[in-house]
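The structure appears below as structure tokens.
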Amino acid sequence: MPDALQRGIDWLLENQHPDGWWTGELETNVTMTAEHVLLLRFLGLPLDAIRDGAIAHFMRYQREDGSWALYHDGPADLSTTIETYAALKVLGVAPESAPMVKALDVIRRLGGAAEARVFTKIWLALFGIYPWSGIPTMPPEIVFLPSRVPFNLYSFSCWARGTIAPLTIVIARRPVRDLGVSLSEIIVNGSEARMARVPGNGVFWWLDALLKTYERLPVKPGRSIARRHMTRWIIERQEADGSWGGIQPPWVYSLIALSLEGMGLDHPVMRKGLEGMNRFAVDDADGWRFSACMSPVWDTAWAVRALRMAGVPREDPALRKAIRWLLDEQIVCGGDWQVRCALDECGGWAFEFDNDIYPDVDDTAVVVLALLEGGEPDVVRAAVDKAVRWTLAMRSSNGGWAAFDRDNTNELAYRIPFADFGAMIDPPSEDVTAHVIEMLGALDRGERDRDVRSGLAYLQRTQRPDGSWFGRWGVNYVYGTWCAIWGLAAVNAGQAMTLRGAHWLTGVQNRDGGWGETCHSYVDPSFAGIGRSTASQTAWAVMGLQRAGFEDHPACARGLDYLRERQSGGTWPEPEHTGTGFPRDFYINYHMYRHLFPVMALALDRQRELEMRGRHVGDLTARETA
């Protein structure tokens with residue numbers, strides 16, 4: 001009978017697409033599907049094809065108290081519950097039914113519409129349920145601001161600017177369309193006055209009030225020109241697959257904004273955008289749902305690394321197809337990253353199939369590692385050289401690397417009333433920086449290399465007193481600590497940092513031998529390393545210990561046993577969200593994580609076992625010769 005590692009390898013090979021790539025569902029929360037329902041209603045499109053499946057999906061994830069959450073076993077989230085309740089009502093679910101009664105009770109108990117996040121209020125305002133006067137103002141005239149001026153579009157992260165740009169048109173237009181149902185019940189008595197004004201105080205609140213005064217003027221000089229320029233900006237950033245940024249938020253708001261600017265559903269841009277959404281839809285036993293994003297480049301790069309660590313040779317047809325596919329996905333065109341990076345050619349990779357405008361450093365570093373480990377040197381060298389050149393040019397002035405932009409660090413963006421979600425900017429992070437250092441180590445750049453030194457200094461500054469590192473794109477300190485240890489090991493540096501990180505990992509192991517960490521650690525750092533054990537987080541911790549030289553530590557052995565014992569059908573069950581979109585606000589259950597990283601941990605253990613066996617045979621041979 002094959003062991004756990006072999007079963008994991010077989011599962012991976014069986015689930016490769018014929019074109020060479022891998023990807024799993026990128027599961028978020030029900031908000032994506034709820035907003036899709038509301039988008040179709042706003043555009044006047046039929047709901048019949050998704051009605052039953054979407055209802056089934058919503059009901060599957062409603063919790064006992066009637067709420068919906070941002071992540072598995074998370075607390076009730078008011079905005080998610082409001083949007084889902086609204087979508088269910090639009091889909092025809094009776095308000096007197098038990099699930100709806102319970103949901104409404106949660107909504108009213110948590111304060112109703114007045115206490116929702118800004119983006120939920122905008123959805124409600126689109127249908128006349130929330131007053132536009134209570135929505136923070138963001139004028140389309142910001143399209144004219146040069147990149148050196150605060151609050152220009154490039155002051156925000158790429159995902160935020162892609163969302164803010166169309167919303168400036170939406171907020172300027174203040175549309176109200178018929179939802180088809182009443183939602184007056186989600187407004188708590190006595191909260192109406194608060195809904196009519198933007199909450200807050202201080203200089204930015206007064207600035208919003210001043211902008212609202214301007215919005216009330218019968219004539220706004222330059223407004224129509226600003227809207228035209230912003231519309232052009234949006235259209236120029238539509239991806240080949242019809243999306244914007246390959247992610248849901250800018251996609252839906254761009255379609256709404258373009259509709260308001262007079263584009264009919266038969267316009268090529270609108271038609272391409274709507275048709276592209278079919279690729280992001282999932283319809284199975286869990287119901288119909290809309291994915292926030294897709295991750296084929298990221299998943300494929302890690303799959304290549306996992307298979308190579310497991311001993312699959314470069315010549316294997318599966319790896320050759322994967323390498324060829326990754327090479328074809330390399331991006332050489334320009335994009336928003338050029339605003340702060342003076343290069344003519346990119347050379348990076350994006351997360352998505354067709355997200356060419358927004359390559360990212362994290363994907364690029366991991367793809368380079370996959371190419372070096374899984375490809376023939378003469379085949380991958382040119383692509384690697386381009387990628388490394390672009391990656392090094394993207395280093396921020398504080399020595400670290402961010403995902404999409406360089407020096408996108410102005411925290412003033414968080415002070416505007418519009419910014420009540422957790423990722424308005426894209427500063428360097430520990431995990432991305434660690435992946436870049438690991439990439440440089442694979443290219444034989446050591447501690448004396450200028451870029452390596454810069455990254456090491458950044459990791460030294462950001463290591464927490466307990467020895468862990470924050471994880472921006474994975475939950476959370478377990479992820480960040482694993483990434484940092486692997487980066488340090490790749491350049492054979494930072495032994496003291498590595499030792500502290502490894503000791504932290506051994507100290508947060510669960511009694512069952514696994515590791516886990518809830519998304520709540522982003523809200524309260526005292527929850528770092530605390531949570532129900534998961535396959536992906538256990539694998540990260542085990543791999544951190546393996547690279548730190550703790551292979552013989554009992555914690556490492558217990559973690560490997562946890563992975564072997566909980567494998568099912570060649571893979572691992574994992575309902576938890578262990579990936580991060582926006583800390584505090586948006587989390588991801590990557591369906592490939594539960595598989596890729598356990599396979600890697602088991603593969604590294606097999607490598608060690610074979611090395612020990614080889615040394616043992618060598619010792620015996622030496623004795624016999626003597």
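The numbers here are math on the coordinates, done by the rules we state, and not lab data. Predicted model, so just to flag it, every value in this text is computed and none were measured. Here the Cβ positions follow ideal geometry from the backbone for every residue, glycine too, while neighbour counts run over all protein chains shown.
Of the peptides 152-159, 574-581, how do they stack up when ordered by the mean number of other Cβ atoms within 10 Å, highest first? Provide the component values of the computation, followed by the final result.
Working: 152-159: 21.4, 574-581: 23.1.
Result, highest mean first: 574-581, 152-159.
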Close Lys-Lys pairs in region 29-290, where close means Cα under 29 Å and separation is 8 or more or interchain: 8
Net dipole in debye of the chain [+1 Lys, Arg Cβ; -1 Asp, Glu Cβ; about Cα centre; nearest 20]: 1740
Peptide ranges 196-205, 115-124 listed from the most packed, as the mean C-beta count within 10 angstrom indicates: 115-124, 196-205
All Cα pairs of region 446-584, percent lying beyond 25 Å: 24
Cleavage-rule hits (trypsin sites (Lys or Arg not before Pro)) in region 393-476: DSSP loop, at most 16 neighbouring Cβ within 10 angstrom: Arg448
Long-range HN-HN contacts of Trp288 with modeled amide H, under 5 Å: Gly53, Ala54, Ala56, His57
Kirkwood Rh and Cα Rg combined as Rg over Rh, evaluated for region 29-290: 0.96
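Using Cα-Cα distances under 8 Å and only pairs 6 or more residues apart, what relative contact order does the chain have, in percent?
This gives 15 percent for the chain.
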Whole-angstrom Cα spans of the chain along principal axes, big to small: 98, 55, 47
